[in-house]
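Below: one structure, written as structure tokens.
The values are calculated or read from the model by the stated rules, or taken from the named source; none is laboratory data. Predicted model, so just to flag it, every value in this text is computed and none were measured. FYI the Cβ positions are ideal-geometry reconstructions off the backbone, even for glycines, and counts take in every protein chain you see.
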Amino acid sequence: MKDIVINTPLQKSTVHCGDGTFEKYAPGLPKKKLFVVTDSNVFAWYRQEIWRIFGDNVPVYIIPAGETSKNMRYLTAILREMLNHGMMRNCTVVAFGGGVVGDIAGLAASLYMRGVHLVQIPTTLLAQVDSSVGGKTAIDFDGVKNVIGSFYQPEEVIADPRFLKTLPDREIRCGLGEIIKYGALDGTIYNLLIQNIGNLRSHGFLEEITYHCIKHKADVVTEDEHDLNGRRKTLNLGHTTGHALELCYGKKSHGECVLIGMYYELYIAVKLNICGKSYAERLKALITAVIKKIPYYDDIANAAELARFDKKNIDSDVSLIVPESEGRSAEIKLPMDKYVELLVECSALLKEGK
């Protein structure tokens with residue numbers, strides 16, 4: 001077990017990593033002042049654990065599993081239930097689940113009585129390596145992903161790999177999407193991925209790489225909590241196109257869409273001579289170790305239109321974070337027509353099997 005501390009001006013956030021962290025730290029939370037938010041899938045697996053650790057009388061609000069629950073309706077419902085249960089400013093919201101639960105419960109905690117205590121217990125690989133750490137909370141609104149939200153640091157994150165054992169393979173692929181993103185940002189993580197390219201799903205490897213991903217994100221968040229100096233933007237590598245594909249087609253998980261978006265954006269980076277071909281090929285090998293066949297889209301221009309609403313954009317250009325060299329990334333800004341042109345080119349090559 002290891003702890004990682006994120007020191008930000010208003011809140012210190014401690015991330016407990018490793019096997020046994022749930023049993024060690026969760027029972028110490030103040031049981032009489034807890035409000036647990038989870039989803040239907042997680043509750044089906046872990047209802048007995050919730051009651052054993054937090055007590056039979058702990059209020060639990062269960063949202064339907066999936067991204068479609070990350071909306072104003074369920075945010076309002078959570079806040080109403082907190083009020084109905086008499087939660088006060090000294091209460092603690094426990095987000096017990098994956099990224100959707102963490103995002104919406106975190107936003108509810110930031111809003112209720114202008115802010116209450118928050119603890120994240122991520123149960124998916126993606127939530128453990130990325131979304132539970134760093135204090136970004138949000139819901140989707142009017143078809144735009146994460147457009148309503150806040151920066152609100154959890155006081156604790158309990159990232160126990162025990163929860164990964166009950167995940168379906170799709171959820172592991174989803175988390176590997178974010179892990180490979182970190183590999184394109186951090187040389188240590190990149191080398192670990194290359195060395196274990198045939199072993200990416202093993203429990204031991206996932207526990208080790210999760211720690212390194214959290215450590216990288218903690219360093220970034222400590223330096224740039226609110227995306228003010230640009231470093232935190234790098235954490236969106238692959239996400240501009242990935243979010244657009246996720247919103248337009250909706251058939252892949254978030255992490256899978258990040259990997260597909262990263263593949264398309266690698267094509268753009270090579271085409272613009274920002275990323276070398278040999279390095280790009282090694283990154284593509286990592287991507288295709290998780291998603292064997294990268295899809296093409298005949299109507300990818302429709303998805304590209306959704307990139308107009310990406311939060312990194314400052315003006316009418318589309319902002320992309322792309323790999324540059326090992327451990328280095330770059331931000332590029334493209335006019336929409338050029339962005340569409342290059343996506344269409346990449347999709348056509350994939351359709352031809354190239």
Worksheet entry | Answer residue from region 65-117, given it is among the basic types (Lys, Arg) and in a loop (DSSP other than H, G, I, E, B) and is nearest to Asn41 (Cα to Cα) among those | Lys70
Response to the item:
Note on region 127-144: residues over 17 Å from Val220 (Cα atoms) and out of contact with any strand residue (DSSP E or B) (no Cβ under 8 Å at 6 or more places or on another chain) are Asp142, Gly143, Val144
Worksheet entry | Residues satisfying the stated conditions in region 134-163, i.e. assigned to a strand (DSSP E or B) and under 16 Å from Lys215 (Cα atoms) | Glu156, Val157, Ile158, Ala159
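So, in region 302-329, exactly how many residues are small (Gly, Ala, Ser), modelled with pLDDT under 95 and not in a loop (DSSP other than H, G, I, E, B)?
Filtering region 302-329 for residues small (Gly, Ala, Ser) gives 303-304, 307, 316, 319, 325, 327, 329.
Checking the rest, the ones that are also modelled with pLDDT under 95 come to 303-304, 307, 316, 319, 327.
Applying the additional criterion that residues be not in a loop (DSSP other than H, G, I, E, B) yields 303-304, 307, 319.
Matching residues across region 302-329 total 4.
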Practice prompt. Could you please let me know if Lys24 is within 23 Å of Cys213 (Cβ to Cβ), without any contact (Cβ under 8 Å) to a residue 60 or more places away in the chain and surrounded by 13 or more Cβ atoms within 10 Å (Cβ to Cβ)?
Written response: yes
Discussion item. Given the criterion surrounded by fewer than 16 Cβ atoms within 10 Å (Cβ to Cβ) and modelled with pLDDT of 95 or more, identify the matching residue among Asp3, Asp103.
Written reply: Asp3
Worksheet item: How many residues are buried (at least 19 other Cβ atoms within 10 Å of the Cβ) and either part of a loop (DSSP other than H, G, I, E, B) or free of Cβ contacts under 8 Å to residues at least 12 places away in the same chain (or both) when one looks only at region 218-240?
Response: 3
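Would you say Val258 is within 28 Å of His16 (Cβ to Cβ), assigned to a helix (DSSP H, G or I) and in contact with a Ser or Thr (Cβ under 8 Å, 6 or more places away or on another chain)? Break it down into steps so the answer makes sense when it comes.
Numbers: within 28 Å of His16 (Cβ to Cβ): yes; assigned to a helix (DSSP H, G or I): yes; in contact with a Ser or Thr (Cβ under 8 Å, 6 or more places away or on another chain): no.
Judged against the criteria, Val258 is not a match.
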Practice prompt. Give me the pairs, please: first residue somewhere in region 80-104 and in the same structural domain as Lys31 (by TED's automatic domain parsing) and among the hydroxyl-bearing types (Ser, Thr, Tyr), second residue anywhere and modelled with pLDDT under 95 and surrounded by fewer than 12 Cβ atoms within 10 Å (Cβ to Cβ), beta-carbon distance under 9 Å, and either six or more positions apart or on two chains.
Written response: Thr92/Pro30
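Within region 43-65, identify whether any single residue is surrounded by 13 or more Cβ atoms within 10 Å (Cβ to Cβ), touching a strand residue (DSSP E or B) at 6+ places or on another chain (Cβ under 7 Å) and of a type in the set (D, E, K, R), and answer yes or no.
Let us first name the residues in region 43-65 that are surrounded by 13 or more Cβ atoms within 10 Å (Cβ to Cβ), namely 43, 45-47, 49-51, 53-54, 58-63, 65.
Now narrow it down to the ones that are touching a strand residue (DSSP E or B) at 6+ places or on another chain (Cβ under 7 Å): 43, 50, 54, 58-63, 65.
Filter again for of a type in the set (D, E, K, R), leaving none.
No: region 43-65 contains no residue that is surrounded by 13 or more Cβ atoms within 10 Å (Cβ to Cβ), touching a strand residue (DSSP E or B) at 6+ places or on another chain (Cβ under 7 Å) and of a type in the set (D, E, K, R).
Restricting to region 40-79, name every residue that is of a type in the set (A, V, I, L, M, F, W, C), closer than 27 Å to Glu23 by Cβ and either in contact (Cβ under 8 Å) with a residue 24 or more places away in the chain or not assigned by TED's automatic domain parsing to the domain that holds Lys136 (or both).
So the first thing to find is which residues in region 40-79 are of a type in the set (A, V, I, L, M, F, W, C), and the list is 42-45, 50-51, 53-54, 58, 60, 62-63, 65, 72, 75, 77-79.
Now narrow it down to the ones that are closer than 27 Å to Glu23 by Cβ: 42-45, 50-51, 53-54, 58, 60, 62-63, 65, 78.
Correct list: Val42, Trp45, Ile50, Ile53, Phe54, Val58, Val60, Ile62, Ile63, Ala65, Ile78.
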Worksheet item: When you go through (1) of a type in the set (D, E, K, R); (2) in a helix (DSSP H, G or I); (3) more than 17 Å from the chain's Cα centre (by Cα) one by one for Lys251, which number turns out not to apply?
Response: (2)
